[in-house]
Each structure stands twice: as C-alpha cells, then as structure tokens.
1. Exactly one of (1) open to solvent by 80 Å² or more (accessible area, probe 1.4 Å); (2) within 26 Å of I168 (Cα to Cα); (3) part of a helix (DSSP H, G or I) is unmet by L71. Its number?
2. Inspect all residues belonging to the stretch 3-24 and state whether any of them is hydroxyl-bearing (S, T, Y), modelled with pLDDT of 50 or more and either surrounded by 10 or more Cβ atoms within 10 Å (Cβ to Cβ) or out of contact with any Pro (no Cβ under 6 Å at 6 or more places or on another chain) (or both).
3. Exactly one condition in (1) modelled with pLDDT of 80 or more; (2) open to solvent by 70 Å² or more (accessible area, probe 1.4 Å) is false for V178; which is it?
4. When you go through (1) out of contact with any helix residue (DSSP H, G or I) (no Cβ under 7 Å at 6 or more places or on another chain); (2) modelled with pLDDT of 80 or more; (3) open to solvent by less than 90 Å² (accessible area, probe 1.4 Å) one by one for L101, which number turns out not to apply?
5. Are any residues in the stretch 54-68 among the hydrophobic types (A, V, I, L, M, F, W, C) and either surrounded by 14 or more Cβ atoms within 10 Å (Cβ to Cβ) or at pLDDT below 75 (or both), and if so, which ones?
6. What pairs come out if I take residues in the stretch 108-124 that are hydrophobic (A, V, I, L, M, F, W, C) and pair them with residues that are at pLDDT 90 or above and open to solvent by 60 Å² or more (accessible area, probe 1.4 Å) whose C-beta lies under 7 Å away, six or more apart or interchain?
7. Can you name the residue in the stretch 25-53 that is among the polar types (S, T, N, Q), farther than 13 Å from R64 by Cβ and not in a loop (DSSP other than H, G, I, E, B) and is also least open to solvent (accessible area, probe 1.4 Å) among such residues?
Amino acid sequence: MESEVSRVQLTHYPRSQHDDPLRESLLTLCVLHQKPASRAMLTTGLPLPAQRLSPDLLPRAAARAGLQGRLLQRKLEQIPSIAMPAMLLLNEELGLAWNALENANAQVPIAQQYVDHGNRVRSAYQQQLGLGERTLLDSENETFTAQRRLVEVKNIQMFTQYRIKATIGQLLKSQGVVAPLAPLCRTT
C-alpha cells in the first residue's frame, strides 16, 4: 500500500516529468484558464533542447492550448497586477535568494521556540531545583546556544532580503542610498 502511495505522489511531482518547470507552469496556467491540455499536447513536435521547453518555444506551446503568450523583459515591480496570473522567469540568483528567504522564515519560529525553552529550563533550575553549579552551567550553555542560533537565523533572513533587493535592483533605493552618476576615482 505504501509503495502505491509513493508511486502516485511521484507521478504528480513535476521533476518526475524530465524536470521541465516551464512546461509544468504552462500546464498550471492552462488549469487556471480552464484550457484542457496535456504535457504531450503542449510539446510534441517542438524542437526541445535537453527535452525541456525553452522560453523561446513557450508562446508556441501556449498557443496549442489556446493561450496567448509572449516574452517580455520587465522589472518585477513594473508588472501590473492585471497581468496576473503570469509566468515569471526569474534569474537564478533571485530564485536561490527567494528559496533562502523562505527557508530562513521557516526557521525563525523554531529557533525562537528553542530560545524560549532554554529560558524556561534555566529558570526552572534556578528557582526549584537548586542543583549544583555544573547543571546550571549546562542550562546556561543551552540557552546561549539557542540565542546564538536565533540571531544567526535572523541574520540569514535579513541577508536574503538584501540579496533579493539587490537582484531586482532595489537595494540602494530601499536603504536610501543615492548612487553616484559617475564612478568615483581618486587621483594621487
């Protein structure tokens, strides 16, 4: 029974179909626009490099499903909400930074719980048990480690936000920094 569940989950996992994120995204748009389509219908006969749908072939594949598409290069903030849902092809650095931010966001509450637990344990040792110095030092060390981890995760979270802003060209503006018009040079 468990192997049947695993097999069913794998058939619905996009990477099990030649890891083709553009084709899978196009299928999602077809569902959103109530246009029946299959993977084969979208790509059969197209010259697929490395068996993947390329951005250049995306409009042709979309037309097969009755959708219109074209490639436009825009900054993220220049895309109007009326254009959604749309497929956004982000550069690799932005995708990596976005994943890192989501990961850091998920870790912050866990790290905070770790700190809270360490504080409760330390308080319990101090107030109720009156144990020897060694046990109290262990709880202090655990609390310090938890607090260090929380600060580390929050720094990762902040750094990835900066990475995202830098990738989309908004870092200087978000920090109130005005870039010089000409490169600064020093003469000696």
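1. Looking at each condition in turn, L71 falls short on (3).
2. no
3. Going through the list (1) modelled with pLDDT of 80 or more; (2) open to solvent by 70 Å² or more (accessible area, probe 1.4 Å), V178 breaks only (1).
4. (1)
5. Going through the stretch 54-68, the residues among the hydrophobic types (A, V, I, L, M, F, W, C) turn out to be 57-58, 61-63, 65, 67.
Listed by number, the residues that qualify are L57, L58, A61, A62, A65, L67.
6. V108/K154; A111/R149; V115/Q147
7. Narrowing the stretch 25-53 to residues among the polar types (S, T, N, Q): 25, 28, 34, 38, 43-44, 51.
Filter again for farther than 13 Å from R64 by Cβ, leaving 25, 28, 34, 51.
Add one more test, that the residue is not in a loop (DSSP other than H, G, I, E, B), and what stays is 25, 28, 51.
On the way: S25: 48, T28: 78, Q51: 114 Å².
Restricting to residues being among the polar types (S, T, N, Q), farther than 13 Å from R64 by Cβ and not in a loop (DSSP other than H, G, I, E, B), the top hit is S25.
The rows are residues; the columns are (1) small (G, A, S); (2) modelled with pLDDT under 85; (3) open to solvent by 70 Å² or more (accessible area, probe 1.4 Å).
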{"site": "M87", "(1), (2), (3)": "no, yes, no"}
{"site": "Y114", "(1), (2), (3)": "no, no, yes"}
{"site": "Q128", "(1), (2), (3)": "no, yes, yes"}
{"site": "E133", "(1), (2), (3)": "no, yes, yes"}
{"site": "F144", "(1), (2), (3)": "no, no, yes"}
{"site": "Q147", "(1), (2), (3)": "no, no, yes"}
{"site": "V153", "(1), (2), (3)": "no, no, no"}
{"site": "Q161", "(1), (2), (3)": "no, no, yes"}
{"site": "Q170", "(1), (2), (3)": "no, yes, no"}
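The values are calculated or read from the model by the stated rules, or taken from the named source; none is laboratory data. What you are looking at is a predicted structure, and each value in this text was computed from that prediction instead of being measured. All Cβ positions, even for glycine, are placed from backbone atoms using ideal geometry, and neighbour counts span all protein chains on display. All accessible areas refer to the heavy atoms of the entire protein, side chains included, with ligands and DNA or RNA removed. Shrake-Rupley method; radii C 1.70, N 1.55, O 1.52, S 1.80 Å.
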